[in-house]
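A.B. asks: Have a look at this one.
The values are calculated or read from the model by the stated rules, or taken from the named source; none is laboratory data. Given the structure is predicted, the values throughout are model-derived calculations rather than measurements. Virtual Cβ from ideal backbone geometry, glycine too; neighbours counted across all protein chains shown. Each accessible area value is taken on the protein alone, full model and side chains, heavy atoms only, with ligands, DNA and RNA left out. Shrake-Rupley method; radii C 1.70, N 1.55, O 1.52, S 1.80 Å.
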Amino acid sequence: MNLVVVESPAKAKTINKYLGPGYEVLASFGHVRDLPPKNGSVDPDADFRMIWEIDAKAQKRLNDIARAAKNADRLILATDPDREGEAISWHVLEVLKQKKALSGQPIDRVVFNAVTKQAVQEAMAHPRRIDQALVDAYLARRALDYLVGFTLSPVLWRKLPGARSAGRVQSVALRLVCDRELEIEKFVRREYWSLLATLATPRQETFEARLVGADGKKLQRLDIGSGAEAEAFKRALDDASFTVDAVEAKPVRRNPQPPFTTSTLQQEASRKLGFAPAHTMRVAQRLYEGVDIGGETIGLITYMRTDGVQIAGEAISAVRRVIETDLGARYVPNAPRQYQTKAKNAQEAHEAIRPTDPSRRPAEAKSFLDADQARLYELIWLRTVASQMESAELERTTVEITAKVAARLLELRATGSVVKFDGFLALYQEARTKVRTRKARAACRQ
């Protein structure tokens, strides 16, 4: 019997079905050990020695895993494919060693980016050892969390009653927000005016042109600083005669955005769906672990904690087939699009967040999902498919206009664009709304 240890009980049931009777799959329910919240759990003077304590809720689960491990022919650690998953596998293995539950049986680590039968079986065929570099990174991060948190949390509790804790992430993020808030509070208000003229073509088609220059001088945003100045320009434009000096039309291409990473998914779900980041991740976790479709539990998206924007070659091919089937060959680029992250130190070990099967359209999956799952799956599907579509082709036209009144010469400019070929815009447009919260401001003022 092969013993497989995963994190989630829902995932355990799914994987058990995929692997068959020769395997027993048990869940750790996440982390099983942590640093006790007391002084001395991390000792910087003793090479950062760390004292671990088994979580009370995890004790029974670890006992079950230990009993199963004693009778297993092979131990397979299949926790999530990230640093935290690697750490959980390491913790489970350390506990099993302490309990003397292992007697020389092979110990393997496997990872899969999607909870599908093919991905799980492929992972089982290519095991590896626990990545000690990832474990060391986790240990360093956890020690820093503890040391910083124990120093800063008491300060936070005094300044912000009701706050829970501070750490290496919260404290730095709060500092960034506070610095930005101070910049906003130091902002000096200045009055400025913009002028738009509504003009008409000989065919009585109206358009708007902006005042951009006067008497040979280009006008910057703050140059018209009072209502009196603006009113003087308005009177001049009312009495002016207008002449078109130049018309320039140039083609413009807009390329699609890459598929989602964790952060871009949270941002877009917030803007388009109104989901809080934590809710987005809960829904995405459920889609990743799998839902019941026709009596079989199937993971609908790949792993949702990633900085990578690349996707697997077979997924790109599947997406291109979907585009050609649904929209036509004109919407399929000659060559697949390849994306690379621009962020420094990005963790690109995993693919971008994408549907495990691009041919499973949102309309087909909707009947198996609740409302929020269906909306998030549709968002991920649309973004993934759009990322492999042809660019949109636009024609941007700029018209330079002169307005003459008495001895004055005013310059106006009108711009507009026409979509010549919609390309990826036929399927997806990124939301632009930005949201600032009052909570962040309140925290900065404490």
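A.B. asks: Mind checking the alpha-carbon convex hull of the stretch 73-167 and giving the volume per residue in Å³?
C.D. replies: 135
A.B. asks: Between the alpha-carbon centers of the stretch 392-423 and the stretch 294-308, tell me the distance in whole angstrom.
C.D. replies: For the stretch 392-423 versus the stretch 294-308, the Cα centre distance is 47 Å.
A.B. asks: Long-range amide H contacts for Phe260: which residues qualify at under 5 Å (H placed 1.01 Å from N, peptide plane, sequence gap of 5 or more or a different chain)?
C.D. replies: Amide H to amide H, under 5 Å and 5 or more residues apart or across chains, Phe260 pairs with Ile353.
A.B. asks: For the stretch 1-110, run through the trypsin sites (Lys or Arg not before Pro) and keep only the ones in DSSP coil with at most 14 other Cβ atoms within 10 Å of their Cβ.
C.D. replies: Filter output for the stretch 1-110: Lys38, Lys100.
A.B. asks: Ok, one more. Convert 4 °C to kelvin, take the viscosity as 1.567 mPa s, use the Kirkwood radius over C-alpha pairs of the stretch 177-293 as Rh, and evaluate the Stokes-Einstein diffusion coefficient in µm²/s, rounded to a whole number.
C.D. replies: Value of D from the Cα-based Kirkwood radius: 63 µm²/s.
A.B. asks: Hey, another quick one. When the accessible area of the chain is split by element with a 1.4 Å probe, what percent falls to carbon and sulfur?
C.D. replies: 51
A.B. asks: Can I ask one more? Between Phe207 and Leu176, what's the calculated FRET efficiency when r is the beta-carbon distance and R0 is 56 Å? Round to 0.05.
C.D. replies: Computed FRET efficiency for Phe207 and Leu176: 0.85.
A.B. asks: To the nearest 0.05, how large is the calculated FRET efficiency for Arg129 and Ser241 if R₀ is 60 Å and r is the Cβ-Cβ distance?
C.D. replies: After rounding to 0.05, the efficiency reads 0.15.
A.B. asks: Separate question: Using the Karplus curve 6.51 cos²θ - 1.76 cosθ + 1.60 with θ = phi - 60°, what ³J(HN,Hα) values do you get for each residue of the stretch 388-399, in whole Hz, with x for Gly and Pro?
C.D. replies: After applying 6.51 cos²θ - 1.76 cosθ + 1.60, I find 10, 8, 5, 5, 7, 10, 10, 10, 9, 10, 10, 10 Hz.
A.B. asks: A further question on this structure: Give me the extension gain from Glu395 to Leu139: residue separation times 0.36 nm, minus the current Cα-Cα distance, reported in nm with one decimal.
C.D. replies: So the extension gain works out to 86.7 nm.
A.B. asks: Kindly provide the pair-distance distribution of the stretch 8-114 built from C-alpha pairs, with 10 Å bins from 0 and whole-percent values in order of increasing distance.
C.D. replies: 13, 43, 31, 10, 2, 0
A.B. asks: Under 4 °C and 1.567 mPa s, how fast does the stretch 195-244 diffuse according to Stokes-Einstein, given a Kirkwood radius computed over C-alpha pairs? Answer in µm²/s, whole number.
C.D. replies: Value of D from the Cα-based Kirkwood radius: 107 µm²/s.
A.B. asks: Shifting gears a bit: Computed from the mean reciprocal separation of all distinct C-alpha pairs, what Kirkwood hydrodynamic radius does the stretch 132-243 have, in Å?
C.D. replies: 20.1
A.B. asks: Can you pull out the trypsin sites (Lys or Arg not before Pro) in the stretch 285-363 whose DSSP state is coil and whose Cβ has at most 13 other Cβ atoms within 10 Å?
C.D. replies: Filter output for the stretch 285-363: Lys342, Lys344.
A.B. asks: What trypsin sites (Lys or Arg not before Pro) in the stretch 159-219 are in a loop by DSSP, with at most 10 other Cβ atoms within 10 Å of the Cβ?
C.D. replies: When the trypsin sites (Lys or Arg not before Pro) of the stretch 159-219 are filtered for loop state and at most 10 Cβ neighbours within 10 Å, Arg164, Lys186, Arg189, Arg190, Arg203 remain.
A.B. asks: Considering only Cα-Cα distances, which of the following residue pairs are longer than 23 Å: Lys13/Lys70; Lys13/Lys272; Lys117/Lys342; Lys38/Lys100; Lys13/Lys100; Lys60/Lys100?
C.D. replies: Over 23 Å Cα-Cα: Lys13/Lys272; Lys117/Lys342; Lys38/Lys100; Lys13/Lys100.
A.B. asks: Say a site is exposed when it is one of the GluC sites (Glu not before Pro), sits in a DSSP loop, and has at most 14 other Cβ atoms within 10 Å; what is then the longest site-free stretch of the chain?
C.D. replies: Value returned for the longest uninterrupted segment is 206-429.
A.B. asks: Sticking with this one: In degrees from 0 to 90, rounded to the nearest 10, what is the angle of the helix 313-326 Cα long axis to the longest principal axis of the chain?
C.D. replies: In the chain, helix 313-326 runs at an angle near 50 degrees to the longest axis.
A.B. asks: Okay, next question. Over all directions, average the projected area of the Cα convex hull of the stretch 229-302 and note it in nm².
C.D. replies: About 11.6 nm², averaged over all directions.
A.B. asks: Multiplying the sequence separation of Leu102 and Gln220 by 0.36 nm and subtracting their Cα-Cα distance, what value in nm do you get?
C.D. replies: Contour length minus the Cα-Cα distance gives 35.0 nm.
A.B. asks: Which value results for Rg/Rh of the chain when Rg is the Cα radius of gyration and Rh the Kirkwood radius based on the inverse mean 1/r?
C.D. replies: Result: Rg/Rh = 1.10.
A.B. asks: Something else about it: Where q = 0.17, 0.28, 0.30, 0.31 Å⁻¹, what log10 of I(q)/I(0) comes from the Debye formula for the stretch 175-224, counting one point per Cα?
C.D. replies: -0.72, -1.01, -1.06, -1.09
A.B. asks: Would you calculate, for the chain, the mean residue ellipticity at 222 nm contributed by helices, counting each DSSP H stretch of 4 or more residues as -39,500 (n - 2.57) and dividing by all residues, to the nearest 500?
C.D. replies: -12500 deg cm²/dmol
A.B. asks: To two decimal places, what compactness ratio does the stretch 1-59 give when its Cα radius of gyration is scaled by 2.2 N^0.38 Å?
C.D. replies: After normalising by residue count via 2.2 N^0.38 Å, the value is 1.61.
A.B. asks: Using a Gaussian network model on the chain with a 10 Å cutoff between Cα atoms, which of Thr306, Thr398, Thr356 fluctuates the most?
C.D. replies: Thr398
A.B. asks: Check the straight Cα-Cα distances from Lys57 and name the lysines below 18 Å, setting aside those fewer than 8 residues away within the same chain.
C.D. replies: Straight-distance partners of Lys57: Lys99.
A.B. asks: Where only protein heavy atoms count, and the probe is 1.4 Å, what is the accessible area per residue for the stretch 254-335 in Å²?
C.D. replies: Accessible area per residue, the stretch 254-335: 42 Å².
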